[in-house]
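Novice: Structure incoming, see below.
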Amino acid sequence: MRNTSKLPGAELKNQRPRAAHSLSYQHIAGGLASEMVDFLRSTETRQSSPPFRLVIVGNHGGVVFECEVGENWEVRNLGPAARLQRSHFPATALLTDGSLLTRTFLIERAPLANSSN
């Protein structure tokens, strides 16, 4: 019997193909909250303080993601981890800071890479 593990290309055939990692709101929530706070710091004199509560409402009016973002932009999920879907956008993001002041942001859908206007 031949040992196929030492044949050229065998390492590729023996590996399982990696599943495409779907991007979830959980993966982007800390960065999104950070970007929102940076915007607020550039436009407002009042400081926002953590923890932040981030709620994203899809374009059909339902909550698609909800989390708490802590001091170091660490995300604690408060609901099911939802995948990003184009059908959610444009979406509304509600950012509430530690003083319970809520600000609203519009998250627009990026154009498709191959679309022409």
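Novice: Any chance you could count how many residues in the range 69-117 are small (Gly, Ala, Ser), out of contact with any strand residue (DSSP E or B) (no Cβ under 6 Å at 6 or more places or on another chain) and at pLDDT 80 or above?
Specialist: 4
Novice: Next question. Which of the residues belonging to the range 61-82 are assigned to a loop (DSSP other than H, G, I, E, B) and either among the polar types (S, T, N, Q) or touching a residue at least 12 places away in the same chain (Cβ under 8 Å) (or both)?
Specialist: Scanning the range 61-82 gives Gly70, Glu71, Asn72, Trp73, Glu74, Leu78, Gly79, Ala81, Ala82.
Novice: What residue, among those in the range 32-49 that are within 18 Å of the chain's Cα centre (by Cα) and open to solvent by less than 50 Å² (accessible area, probe 1.4 Å), is farthest from Gly98 (Cα to Cα)?
Specialist: Restricting to residues being within 18 Å of the chain's Cα centre (by Cα) and open to solvent by less than 50 Å² (accessible area, probe 1.4 Å), the top hit is Leu32.
The values are calculated or read from the model by the stated rules, or taken from the named source; none is laboratory data. These numbers come from a predicted model, not from an experiment. Note: ideal-geometry Cβ built from the backbone for every residue, glycine included; neighbour counts use all protein chains shown. When the accessible area is computed, the model is the full protein with side chains, heavy atoms only, and any ligands, DNA or RNA have been set aside. Shrake-Rupley method; radii C 1.70, N 1.55, O 1.52, S 1.80 Å.
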